[in-house]
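> The following block contains the structure, expressed as structure tokens.
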Amino acid sequence: YWLMDYIIYAFKSPLIEAMSYCLIQESECLLIDAVYSMELLEFLHKHKVNRITILLTHGHYDHILGIPLLREKYFVTVISSKNGPEVLGNPKKNLTAVANLISSFRKSAIKMNVRATSMHVDLMLQDGTFYEWNGIHFKIIYTPGHSVDSACYLMENRYLFTGDTLLQNENVTLRFPGGNQKDYIAYTKPLLETLARDLIVFPGHGERFSISDSNIFREKVE
């Protein structure tokens with residue numbers, strides 16, 4: 001995506017069509033989520049990257065399966081919300097324990113044998129704090145509901161990376177382990193509704209859109 005001041009590269013995992021977003025500066029890379037993607041690995045090699053920072057929107061398997069591959073080749077720092085280690089470190093909570101079953105129900109998913117896996121987080125960010133990467137500022141916004149560790153990242157007050165918390169044409173899924181309908185209805189949904197409607201959203205699945213066009217203003221959570 002060509003934006004005013006940045007180029008954001010998007011990579012889609014063939015596993016379950018989850019998205020990773022990438023910023024490059026010289027030999028450094030920042031990723032929003034780390035999907036399983038050979039295309040992403042080839043891109044990083046082509047750009048001679050040697051250091052990668054990963055901001056995780058949440059720890060479900062389709063957004064983290066690229067981490068072990070990246071750790072084999074690069075110096076990697078994984079950053080999450082305060083509850084990230086709880087999810088990434090537990091195969092039941094990060095869904096790698098049931099990934100093959102989930103994929104079997106999705107027509108778009110390739111068949112891949114995912115093993116139950118635990119992973120570690122290098123740095124946890126508290127809600128509302130800022131992280132600076134090569135002069136670019138990200139604010140972490142804790143958004144429980146889809147998962148206990150779900151978070152969005154607001155980049156320079158213009159671009160919002162939402163993971164599975166906010167999609168354009170789908171209601172948020174609250175049924176997975178760690179999902180919490182009460183937290184979503186009481187806290188996250190009202191918070192999302194207060195955000196500037198001209199923010200550009202880069203979701204965990206699908207194409208970018210503006211908040212004004214999102215499903216958040218139409219969904220009915222039961």
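> Just wondering, is there one or more residues in region 167-181 that are open to solvent by less than 10 Å² (accessible area, probe 1.4 Å) and either touching a residue at least 24 places away in the same chain (Cβ under 8 Å) or in a loop (DSSP other than H, G, I, E, B) (or both)? Full working, then the answer.
The initial filter retains those residues of region 167-181 that are open to solvent by less than 10 Å² (accessible area, probe 1.4 Å), namely none.
No, region 167-181 contains no residue that is open to solvent by less than 10 Å² (accessible area, probe 1.4 Å) and either touching a residue at least 24 places away in the same chain (Cβ under 8 Å) or in a loop (DSSP other than H, G, I, E, B) (or both).
> Quick check on region 2-9. Is at least one of its residues out of contact with any Lys or Arg (no Cβ under 6 Å at 6 or more places or on another chain), at pLDDT 95 or above, surrounded by 15 or more Cβ atoms within 10 Å (Cβ to Cβ) and not polar (S, T, N, Q)?
Yes, the conditions are met somewhere in region 2-9.
> State whether one or more residues within region 60-79 are open to solvent by 10 Å² or more (accessible area, probe 1.4 Å), of a type in the set (D, E, K, R) and under 15 Å from the mean Cα position of the chain (by Cα).
Yes, the conditions are met somewhere in region 60-79.
> Taking the criterion of being surrounded by fewer than 19 Cβ atoms within 10 Å (Cβ to Cβ), among the hydrophobic types (A, V, I, L, M, F, W, C) and touching a strand residue (DSSP E or B) at 6+ places or on another chain (Cβ under 9 Å), would at least one residue in region 134-151 satisfy it?
Yes, region 134-151 contains at least one residue that is surrounded by fewer than 19 Cβ atoms within 10 Å (Cβ to Cβ), among the hydrophobic types (A, V, I, L, M, F, W, C) and touching a strand residue (DSSP E or B) at 6+ places or on another chain (Cβ under 9 Å).
> Would it be correct to say that Phe217 is over 21 Å from Ala99 (Cα atoms), under 17 Å from the mean Cα position of the chain (by Cα) and either modelled with pLDDT under 95 or among the aromatic types (Phe, Trp, Tyr) (or both)?
no
> Turning to a different aspect of this structure: Taking region 155-166 as the search range and keeping residues that are outside any loop (DSSP other than H, G, I, E, B) and aliphatic (A, V, I, L, M), which one is nearest to Ile52 (Cα to Cα)?
Ranking the candidates gives Met155 first.
> Another question, if that's okay. Residue check, Leu95 against (1) crowded, with 16+ Cβ neighbours inside 10 Å; (2) touching a residue at least 40 places away in the same chain (Cβ under 8 Å); (3) at negative phi, all met but one. Which one?
Among (1) crowded, with 16+ Cβ neighbours inside 10 Å; (2) touching a residue at least 40 places away in the same chain (Cβ under 8 Å); (3) at negative phi, Leu95 violates only (3).
The values are calculated or read from the model by the stated rules, or taken from the named source; none is laboratory data. Because the structure is a prediction, the values reported are computed rather than measured. Because the Cβ atoms are built from the backbone with ideal geometry, glycine has one as well, and the counts that use them run over all protein chains shown. Please note that ligands, DNA and RNA were not included when accessible areas were found on the heavy atoms of the full protein model with its side chains. Shrake-Rupley method; radii C 1.70, N 1.55, O 1.52, S 1.80 Å.
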